[in-house]
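**Student:** This is the structure I want to talk about, given as structure tokens.
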Amino acid sequence: MQVKTAPFRSQPVGRLSGTVQDAWKRVWKYRYSLAVAIVALAAMLRLFLAKQYGVMPPYITFYPAVMLVAAFGGAGPGILATILSAAVVDLTLLEPV
């Protein structure tokens, strides 16, 4: 015995339609580029603020940058932004022990 589905439901519930899913895959370059660009801007802002006001917390500009990337880009670019932020702070702002 075969189960018939309604004519208007051609896909399982919870799946994106083909065009939306394809569009999301096409813009992955822009989402990851946005992550790199925002972290670079946060780094430049942090270095500028350190020059103007002296010593300040090293991650102060990276918190909002990572949240912004994760909100607009998604989880993957958010993780990339977190890793890039940690690397920038480790290489440029923290003193070696």
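**Student:** Would you kindly calculate the mean projected area, averaged across all directions, of the convex hull enclosing the Cα atoms of region 30-93, in square nanometres?
**Tutor:** Here the figure is 3.7 nm², rounded to one decimal.
**Student:** Label residue 63 and residue 33 with points 7 Å out from Cα along Cα→Cβ: what is the distance between them in nm?
**Tutor:** 3.1 nm
Read-outs: derived from the displayed coordinates by stated rules, not from any lab. All values reported here derive from a predicted model rather than from experimental measurement. Cβ sites come from the backbone with ideal geometry, for glycine too, and all protein chains shown count toward neighbours.
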